[in-house]
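Single-structure report; data block below.
The values are calculated or read from the model by the stated rules, or taken from the named source; none is laboratory data. Since we're looking at a predicted model, the values are computed, not measured. Here Cβ is always computed from backbone atoms with ideal geometry, including for glycine, and neighbour counts include all displayed protein chains.
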Amino acid sequence: MICYLTAGESHGPQLTSIVEGLPAGLHISSEIINADLARRQGGYGRGGRMQIEKDTVEILSGVRWGETLGSPITLAVKNRDWENWEERMSILDLQRDDSIRVTRPRPGHADLPGAMKYNHRDIRNILERSSARETAVRVAVGSIAKSFLREFDITVSGYLTELGGIPAVRPLALNSDVLCAKISESELYTFDPDAEARMKNCIDEARAAGDTVGGVIEVTVSGVPVGLGSHAQWDRKLDARLAMALMSIQAIKGVEVGIGFDAARRPGSAVHDEIFFDRSRIEHGAVTGFYRKTNRAGGIEGGISNGEEIIVRAAMKPIPTLYKPLKSVDIDSKEQFEATVERSDVCAVPAASVVAEAVVAIEMANAFLEKFGGDSISEIRRNYDGYCDYLKSF
């Protein structure tokens, strides 16, 4: 099982993660990780911080000659802005300066509840860690998870499906390869050029008004075998684990699997996916003859992957730091003020799709290892191939 922790502050020296549980023999490329980090920094509507940072990863342990050793992997993403914050974020007591304390919490952030919980009179002690800057190193971990899944022909794709109430329309015939190509050409990481133009106008209008916009992101996982996750315990259900991972992303307020909330609005006959069988599918490369003509369940039934494409969505609220600030209350004077403005984005929904892709990949890799685990890629492949042979005769 993959276990990882992240550490670091938004304006600290670096963001770090130690990843444990990856098998030996997995090829790791810093170039592939850096490409994902660049995608996270992109997207129309980003703010000034993205002009300062150019994220790259340093792999400090657990890899030799491009392959994992089976020991813990250390990843680091340096913060370029650290040189401007070295004294304000110093670990040294002698550099303490209470005159720069932040005492005005921003609505919608962890500022006030965090300060009250941890008994901080300087809100910077909360906002530095609660910042979405932390997701940079999670994207690095997710990039490695995607490399692992690709060894078994499983692909993970994240993209934007709605922004500011404007939906993107996906053509029914759009396969995963064409989908990825369209997303890579889009500034908003979406597949509908007409909707993208209207979305950009929405972002421009919000910027002019000192406001922000949110949206909906979707992640699809293709090539998933039957049997990942379990019905046997609540914390082993695949959809529950994916939902928790997505909800852990800053500013995410809702998650759907398959048709999600729409399932509550339809009769059962329009919700559940009928099951069919065709043995000739196996002759054409399928692992099993069982299949479904619809995928309203989003590839998961009873907490277990059913062999169809996994589809999950997450709703991202507008970023709460506004250049036309909302009202708040100073924690010292208790007087009302306009909330403090930290450097921020107008829209970070495209970037959130990259983060969502990463956390979904981590959970899928975990579920795969739980089912087919071994100490090396070759051992896991033997386990997986044996399972696929079993499915063909089921």
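Miscellaneous remarks
- Applying the condition of being out of contact with any Leu (no Cβ under 8 Å at 6 or more places or on another chain) and outside any loop (DSSP other than H, G, I, E, B) to region 311-327 and asking which residue is farthest from ALA240 (Cα to Cα) yields LYS327.
- Scope region 147-160; condition surrounded by fewer than 24 Cβ atoms within 10 Å (Cβ to Cβ) and of a type outside the set (Gly, Ala, Ser); matching residues: LEU149, ARG150, GLU151, PHE152, ASP153, ILE154, THR155
- Count of residues meeting criterion [under 28 Å from the mean Cα position of the chain (by Cα) and either at pLDDT 95 or above or not small (Gly, Ala, Ser) (or both)] in region 96-115: 10
- Some residue of region 221-240 being under 30 Å from LEU5 (Cβ atoms), charged (D, E, K, R) and out of contact with any strand residue (DSSP E or B) (no Cβ under 8 Å at 6 or more places or on another chain): yes
- Reported count of residues in region 1-27, each being of a type in the set (A, V, I, L, M, F, W, C), more than 15 Å from VAL137 (Cβ to Cβ) and assigned to a loop (DSSP other than H, G, I, E, B), is 3.
- Of all residues in region 161-178 being touching a residue at least 24 places away in the same chain (Cβ under 8 Å) and not in a loop (DSSP other than H, G, I, E, B), the one that is surrounded by the most Cβ atoms within 10 Å (Cβ to Cβ): LEU163
- Qualifying strands (runs of 3 or more DSSP E) (wholly inside region 199-300; at least 2 residues being under 23 Å from TYR387 (Cβ atoms)): 215-222, 275-277, 290-292
- Pairs, first free of Cβ contacts under 8 Å to residues at least 24 places away in the same chain and surrounded by 10 or more Cβ atoms within 10 Å (Cβ to Cβ) in region 270-287, second hydroxyl-bearing (Ser, Thr, Tyr) and not in a loop (DSSP other than H, G, I, E, B), C-beta under 8 Å, six or more apart: ILE275/TYR291; PHE276/TYR291; ASP278/TYR291; ARG281/TYR291
- Screening VAL19, VAL63 for residues that are hydrophobic (A, V, I, L, M, F, W, C), more than 27 Å from ILE183 (Cα to Cα), free of Cβ contacts under 8 Å to residues at least 60 places away in the same chain and crowded, with 19+ Cβ neighbours inside 10 Å leaves exactly one candidate, VAL63.
- Failed item in (1) of a type in the set (Gly, Ala, Ser); (2) modelled with pLDDT under 95; (3) under 30 Å from LEU112 (Cβ atoms), with SER248 passing the rest: (2)
- Within region 351-381, being among the polar types (S, T, N, Q) and either under 25 Å from ILE249 (Cβ atoms) or under 16 Å from the mean Cα position of the chain (by Cα) (or both) holds for SER353, ASN366.
- Taken over region 20-34, the criterion of being closer than 19 Å to ASP55 by Cα and not small (Gly, Ala, Ser) is satisfied by ILE28, GLU31, ILE32, ILE33, ASN34.
- Any hit, region 95-106, residues being in contact with a strand residue (DSSP E or B) (Cβ under 8 Å, 6 or more places away or on another chain) and over 29 Å from ILE319 (Cα atoms): no
- Selection over region 291-328 of residues that are touching a residue at least 40 places away in the same chain (Cβ under 8 Å), over 17 Å from GLU218 (Cβ atoms) and not small (Gly, Ala, Ser) gives a count of 12.
- Residues of region 206-224 that turn out to be among the acidic types (Asp, Glu) and at pLDDT below 95, as a count: 1
- Unmet criterion (only one of (1) modelled with pLDDT of 95 or more; (2) touching an Asp or Glu at 6+ places or on another chain (Cβ under 8 Å); (3) of a type outside the set (Phe, Trp, Tyr); (4) assigned to a loop (DSSP other than H, G, I, E, B)) for SER90: (2)
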